[in-house]
Structures are given as structure tokens and as C-alpha cells.
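Have a look at the structure below before the remarks.
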Amino acid sequence: MGWLAALAMPCLLLAQPAPSPATTAVFDSILQRVIGPDSLSASSTEYDAELERLRAALPAGDPARDARFRSVYCGSSTWRDPVQGLAYAESALALARDLNDVASQARALLCRAEYVMLTSGTQRGLPDVDKALDLLGNGREPQLLAETLETRGDILSLLGEQAKAMVDFQRARAAYRQAGIAGEVESLVLSIAVAYRRMGDADQARRYFTQALQRMQARADWEGVATNMIQLGFLQEEAGAPERAMRPFQQALDVAIAHQLPDTANSALLGLAEAQINLGQGEAGLRTLERAREGFASREDASSEDSLQLLTGQALARQGRHAEALAHYRQALPLIKRNGNDRYLAMLYKAQSATLEAMGHPAAALSDYKRYADLQLTLQRKMRLEQGRLLEYEDEIRRSEFENRRLRSEAAIKQQQVQALERVRHWQWMTIILGALLLALLTSLAWRHGRTSRRLSRESLIDPLTGISNRAAIEAEAIRAIGGTTRPGASVSLLILDLDHFKAINDQHGHAAGDRVLRAAADAWHTVLRGRDPLGRIGGEEFVVVCADTSLEQAMVVAERLREATTALRFDDIDPALRVTVSIGVAQSQQSDDSHEDVLARADAALYRAKQRGRDRVEH
């Protein structure tokens, strides 16, 4: 179908008779495969084939089904030219709006975002994705909501907003579960792994990529195999080991060629060229880039033109052809700026600075190097910030993974129970009833006994005023955290918090008001603490927080959040003028034989300094 004919289809459909039920049933069945859970594990080739079957089954004279068709056919590889694809997406969106089809509007917006990013830069695609999320806010399309959240997370990750991307990925994971998709969605797992890689957490990223690669090999998903190999190659590149990156890039290229995956092959060629250039193999890099350029041209794909220009410039510079290199850098600059990728922009300024210096332009070289240095500093600061934010999301990810395993285990157990019951259906009804009664009685007794035991155990470890851990419980947490720190480089940080001028609050407003302040402070701190950081009261207005696997720098960030949460407290019913502040001392375990008393003593000394230096501050 030509694209002009496709755009004109609604006008043709209006003149057609109503479709038969048999025709619509075939179309609906194929559409469900295209938009349902099966689509999540389909390769690009399989998905395109389903779209063509859907096009062939499209009933004539059915605008509603035409709107659904257009919203998904928009993503077909038929649209090699992004300008034509964008026009088709616009027509799909207009038709869906006319019919008030919310799901088709959301799909058309996602499709339009893809073409907008190809023609105008990555950042320009975000508004359409946000509009799609607004349309899906009622939760009636959980799988589509998950795919939209995953798309926005991918864009944010590409723009360097890894912490925000992780939030979207976690929300996407929950939405997939709500849609009844029990297993992991491989595209989402890949997105999470890429975010870890971009954030500098190579170990986490490698674990995700390696496990995904094994799953893909087991089910012969060659597109997934090649994609994960490419990502492992980038990991080696970013670790400064281009010689080790060559193998996964070459393996990915071999797999892509063997299984006719041209887009994946082009991506592998880009990675391979980068490794060759970084190894000083400028001529080999240029040959590989020429193959990549031909491959992208055959697919009418201009999405990687910025990388092609940058890498070509670097390869030419390796050969001393600096004037030619500079021309390519200048072609890459507006493309990289348009996409908003600061990491690539820093790489370009550094390479361009070296070329300008080699050409005898020291002033221009220095100017570009300063731009590189400023960008690099910004990226490092941003990475540290993202890593700090990610500490919170990692726990959520692990809890989610644990919960998924638990649910699968429970489902398997329930299935076994059903099968066992079916095998004993011939038992006499009286035996079943008596057994059920006995089981209920024993369960009730065990539950009551367990509830009583748990209540007594909790009460012995809980501070009765604030409901948080008491001194014995929090000291046990500190001992367990410090004693369990065996991983090289791991550390534990302890925080001691002391409410400032608390005696004056009791004296001026009474002990009941003081108790209110203690409870409110504990509640506020709980809301900003990470789930894995226990809080306990050790007496009076003094509290302790145990931060396992947390460096001093990270603990200072946690402490500052606690201090800000305290200053935000208001007690208008006690006294509108009453303001509460807290002083915090922070200490980190320094050696393997540190005891919790040693760390607490250092934290207490830091707390004393905070008091001496004016209160309402954090010291270490």
C-alpha cells in the first residue's frame, strides 16, 4: 500500500457496505495478537508480519476498526521515511479523536512521538508520550499504560534522567502485572539494564544483560541475543577496555547477519567501529563505518547520523586527517545538540579540541576543552545524584522481584493442592468434613498462638510512645548491620538525631505537647527514610538511624533529608509559632573490627559538634 493511499483510506471506507461478523472476527483476532501479551515477545520481523496480516483482514466500511488498525500500523517498518510516517501518525490520531477512541489515540501519540524524535530530536517526543499517559490515567488499558511508561522511561534514560526513568520502569512493571502478564517483559528488563549502564553501575547492568542473554539463547530469540551482546560490548567500551568490547560486537554482528536482522547489524557495526577507533585502528574503523552508513541508508534510517559523523571524525583524526575530521565534527554538533545527549556532546568537544590543537588553533582548542570539562563535571555530578536516588529504587526493584517469585511459588503450590484434591475426591464426605474441621481448629490455635507470640515479641522491641524501635531493638540492628559487613568496600553509617531545645518545649507547652512533637518527628522521618534504614529511639529526644551498605557521603544525603523534614513540621494547634529543628551526627564504620559502640561514639561526637556550631545542622 502506498502511503498516500493509506492516508486516503477513511474516505474510501465511508462508501463501503457494513462488514460481515465473520470478517470482523478475523480482524479482531489478529488485532489481539498485535496489541496483546503475545506482541511483547514477538521479534520485529514477526510483528511486521502480523501487521501485514491485519492490513489484509481490515474490513471495508468500518471506521472504528480502521482507527485501531491505523494506530498500530503506524509502527510498521513500511514507514522508512519518517516524514511520511509522521503524516500517517497524524491521520491516525485525527481519526481516533473523531471516534473518541482513547486507546487508539494513545497508540497514535506514541507513534507520532517516535517520528517526531527522528525528525526533531529526542526531547521533542516527550510531550506526546505525556499526553498518552494522561489519556490512559483511568487504568482501563494496563498493558498499553505499561508500554507507554516504558517508552517514557527509555526517553528519560537517553536524556540522562536515570532515576526518573527507573520510577517509570517500576510503574510499567506493576502495570504489566495488572494486565495479567506474570513473567518479566524482556524489553523492560533491557531498559532497566541500560539505565544501570548509563548510570555507571556496571555490575548490575552486566548481571541483567548476561541473564537476559541466557534466556534469549534458550528460546532462540536471535534479535534479543544480538541486542544484549551489543550492550555487553558497550559495557566494556565504557570500562575503557575496547579490546574486550570487540568480541561481543563482532558476535552480535554475526548473529544479526545470520538471522537477517539489518537494524541490529547496523547498531553492531557502530559499536564495532567505536572499539576499532579506540584501539587506534582508524582505517579499519572507517571501513566498518562505511558498512554501517550503507546499512542505515538501505533502511532509510537517519537516526544514528550523529554517531556516524562523530565516529568518522574520530577515525580520520586517528589517521592525522584533522581538517576532514573537523568537518565531520561540525556536522555532528547540531545533531547531537538536537537530541539533548550531553554525554555525546562532551565526547565531541573533547575530540574536536584535540583536532583543533593538532591543526594549530590553540585558542579554539582551549575553548572546546573548557566546554568538555564543564560538561564532564556536570555529568559526574548528575551521575552521583542519580546514583543516590537509585539507592531507593534498587530496594523497590528487589522487593518487586522477590514478590514476583513468591507469587509464582504460591500459584504453583495452589496448583499442586488442587491436583491433590482431585486425586482424593473418592474419599467419603464425612472424612473430608472431619479433616477440614480438624485443620481449621489446628490452624486457628496455631494462628492465635503465633499472633500472641508475635505481639509479645514486637512489644518488647517497640518504643511505646512513638511506635518505632526501642533502644534494644535499634542497637541489635546496628550490631547486625556492622557485623554483617563482609563485602569489600561495603560500609555501615549510623546517624544520631537529637531534637533541639526539646526541654524548652516540655517546659513551655507541657509534656503532652512534647510527646506530640516526638511522635510527629518520628512519623516525618519514616516518610523520607529508605525502606531498609531502621529508625529507633534510644531515650528522651534522641534517635538512631542504621544505614547498611551506605557510604558516609550517601548517609549525609539521608541526614539532610531528615533535617529538612523536621524543619517542615508545623504544630498550629499547640502554638503557631512553634518550630522544631534537629541536630544530626553521622559516622561510618571504618574498619572490620569496628563495634557498634565505636561508630555510635563517633556519631555522638559529631552530634556534639552540630550542637556547638549552632544546632539545626548535620556534622560528621
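The values are calculated or read from the model by the stated rules, or taken from the named source; none is laboratory data. A quick note: this is a predicted structure, and the numbers were derived from the prediction, not measured. For neighbour counting, all protein chains shown are included, and Cβ atoms are generated from backbone atoms with ideal geometry for every residue, glycine included. Only protein heavy atoms, including side chains, enter the accessible area calculation; ligands, DNA and RNA are left aside. Shrake-Rupley method; radii C 1.70, N 1.55, O 1.52, S 1.80 Å.
Quick notes
- In the stretch 607-620, the residues that are assigned to a helix (DSSP H, G or I) and buried (at least 20 other Cβ atoms within 10 Å of the Cβ): Leu607, Ala610
- Test: residue in the stretch 428-447 that is outside any helix (DSSP H, G or I) and either under 28 Å from Gln309 (Cα atoms) or at pLDDT 70 or above (or both): no
- Among the candidates Ala292, Ala297, Ala256, residue that is over 26 Å from the mean Cα position of the chain (by Cα), buried (at least 19 other Cβ atoms within 10 Å of the Cβ) and closer than 30 Å to Glu324 by Cα: Ala292
- Filter pass, Ala332 being hydrophobic (A, V, I, L, M, F, W, C), in contact (Cβ under 8 Å) with a residue 24 or more places away in the chain, surrounded by fewer than 21 Cβ atoms within 10 Å (Cβ to Cβ) and closer than 20 Å to Asn278 by Cα: no
- With respect to being open to solvent by 30 Å² or more (accessible area, probe 1.4 Å), among the hydrophobic types (A, V, I, L, M, F, W, C) and within 20 Å of Tyr73 (Cβ to Cβ), Val167 falls outside the description.
- Test for Leu135: is it open to solvent by 10 Å² or more (accessible area, probe 1.4 Å), more than 29 Å from the chain's Cα centre (by Cα) and more than 30 Å from Glu305 (Cβ to Cβ): no
- Pairs meeting the criteria (first residue in the stretch 586-612 and in contact (Cβ under 8 Å) with a residue 60 or more places away in the chain and more than 16 Å from Ala559 (Cα to Cα), second residue of a type in the set (Val, Ile, Thr) and surrounded by fewer than 20 Cβ atoms within 10 Å (Cβ to Cβ), beta carbons under 6 Å, at least 6 apart or on different chains) are His596/Ile479.
- All told, Leu51 meets the bar of being touching a Phe, Trp or Tyr at 6+ places or on another chain (Cβ under 7 Å), surrounded by 15 or more Cβ atoms within 10 Å (Cβ to Cβ) and of a type outside the set (Gly, Ala, Ser).
- Within the stretch 336-365, the set of residues being of a type in the set (A, V, I, L, M, F, W, C), in contact with a Leu (Cβ under 9 Å, 6 or more places away or on another chain) and touching a residue at least 12 places away in the same chain (Cβ under 8 Å) comprises Ile336, Leu345, Ala346, Met347, Leu348, Ala351, Leu356, Met359, Ala365.
- Qualifying residue in the stretch 528-545 (condition: out of contact with any helix residue (DSSP H, G or I) (no Cβ under 9 Å at 6 or more places or on another chain), assigned to a helix (DSSP H, G or I) and open to solvent by 40 Å² or more (accessible area, probe 1.4 Å)): no
- Residue match in the stretch 476-488 (condition: in a loop (DSSP other than H, G, I, E, B), closer than 28 Å to Arg530 by Cβ and modelled with pLDDT of 80 or more): no
- The sole residue among Asp368, Asp374, Asp395 that is in a helix (DSSP H, G or I), surrounded by 11 or more Cβ atoms within 10 Å (Cβ to Cβ) and modelled with pLDDT under 70 is Asp395.
- Looking across the stretch 205-226 at every residue that is within 18 Å of the chain's Cα centre (by Cα) and in contact (Cβ under 8 Å) with a residue 24 or more places away in the chain, the one that is surrounded by the fewest Cβ atoms within 10 Å (Cβ to Cβ) is identified as Arg206.
- Any hit, the stretch 568-591, residues being part of a helix (DSSP H, G or I) and open to solvent by 20 Å² or more (accessible area, probe 1.4 Å): no
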